[in-house]
Amino acid sequence: TARTEVMFGEPGRGYIYLCYGIHHMFNVVTNTTGVPHAILIRAVEPVAGIDIMRRRTGKSAESDYTLTSGPGNVCKALGIYTRDSGISLLSHRIYIADDGFRFKPKDILATPRIGVKYAGDDASLLYRFIVKENRYVSAKRS
């Protein structure tokens, strides 16, 4: 469809769509042109621009880890919208930078996916990667 076309394009682009007509979802296109793979960014740990993120989200508590926990909150805090879909993640507007920091493999966990019951058996695949004990990791719904 026109909405998903960006996933079939070149890797390193943002694929942003609206979920339930409410929440923007930010994905990173990751495969070669013609192969539709994208990774949903479910949470980020903010290190800069926190005051701007609070203004965008209306949140004020410094210890509120929901600021960027959950894919809808990520987009709201970072000011990412569907109009950004297709943007190069090497642009000045939205980019992914490598500061050299690496997590130890023991600190990365693979868990079942969230919110994809419709995927049947594939919903239990360990395709959700999280940083162990990170407070910003979006919670698993019961």
Which residue, of Arg135, Arg93, is free of Cβ contacts under 8 Å to residues at least 24 places away in the same chain, charged (D, E, K, R) and open to solvent by 60 Å² or more (accessible area, probe 1.4 Å)?
Arg93
Can you tell me which condition Gly9 does not meet? The list is (1) open to solvent by less than 80 Å² (accessible area, probe 1.4 Å); (2) within 16 Å of the chain's Cα centre (by Cα), and all the others hold.
(2)
Selection count where residues are open to solvent by less than 40 Å² (accessible area, probe 1.4 Å), part of a loop (DSSP other than H, G, I, E, B) and touching a residue at least 40 places away in the same chain (Cβ under 8 Å), scope the stretch 70-84
2
Scan the stretch 102-111 and tell me whether some residue there is closer than 19 Å to Cys19 by Cβ and among the hydroxyl-bearing types (Ser, Thr, Tyr).
no
Going through the stretch 98-129 one residue at a time, which ones are assigned to a loop (DSSP other than H, G, I, E, B) and either in contact (Cβ under 8 Å) with a residue 12 or more places away in the chain or open to solvent by less than 100 Å² (accessible area, probe 1.4 Å) (or both)?
Gly100, Phe103, Pro112, Arg113, Ile114, Gly115, Val116, Leu125, Leu126, Tyr127
Go through the stretch 12-46 and report how many residues are within 14 Å of Ile96 (Cα to Cα) and either more than 11 Å from the chain's Cα centre (by Cα) or charged (D, E, K, R) (or both).
6
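The values are calculated or read from the model by the stated rules, or taken from the named source; none is laboratory data. Nothing here was measured: the structure is a model prediction, and the numbers come from that model. Counting neighbours? That spans all protein chains shown, and the Cβs are built from the backbone with ideal geometry, glycine included. With ligands, DNA and RNA removed, areas are computed over all heavy atoms of the protein, side chains included. Shrake-Rupley method; radii C 1.70, N 1.55, O 1.52, S 1.80 Å.
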